[in-house]
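I have placed the structure first, in the form of structure tokens, so that the comments after it can refer back to it.
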Amino acid sequence: MSSPLARAPWHSPMLRVFELIGRQVRALGVPHRARFTAASALPSYILGMGGNAADARAHQAHQPGTSRAASLGAVSAARAQLDPNEYAVTRRCSITMIGRSSSPASS
């Protein structure tokens, strides 16, 4: 999915995504000086969450009957095993997700 999104910036689907999200950010009343930051951060968040959901679905496909929380917990546990020097942020987020996926509110 990332290859089509990373094409030449003037023909990129990300340009349209940025515009649509930017309009929503403006409609929410975000101050002008903060709009670029907000409109830039949100696509990363959205695509990241989409990737996490895809990972969870893939895990469920390989292990039918597992809950979403268990799937996310398994993906997070695997990511927590990554090299701590190369993936410090990813590992930290995964460790946080492990805690969330095991809490009753996430089931």
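The values are calculated or read from the model by the stated rules, or taken from the named source; none is laboratory data. Because the structure is a prediction, the values reported are computed rather than measured. All Cβ positions, even for glycine, are placed from backbone atoms using ideal geometry, and neighbour counts span all protein chains on display. Protein only, heavy atoms only, side chains kept; ligands, DNA and RNA dropped before computing areas. Shrake-Rupley method; radii C 1.70, N 1.55, O 1.52, S 1.80 Å.
In the stretch 77-92, of all residues being under 13 Å from Asp55 (Cβ atoms) and not β-branched (Val, Ile, Thr), the one that is least open to solvent (accessible area, probe 1.4 Å) corresponds to Ala77. Give all pairs with beta carbons closer than 9 Å in which a residue from the stretch 44-61 that is open to solvent by 40 Å² or more (accessible area, probe 1.4 Å) meets a residue that is basic (Lys, Arg) and at pLDDT 75 or above; count only pairs at least 6 apart in sequence or on separate chains. Close Cβ pairs (under 9 Å, with a partner that is basic (Lys, Arg) and at pLDDT 75 or above) amount to Asp55/Arg79.
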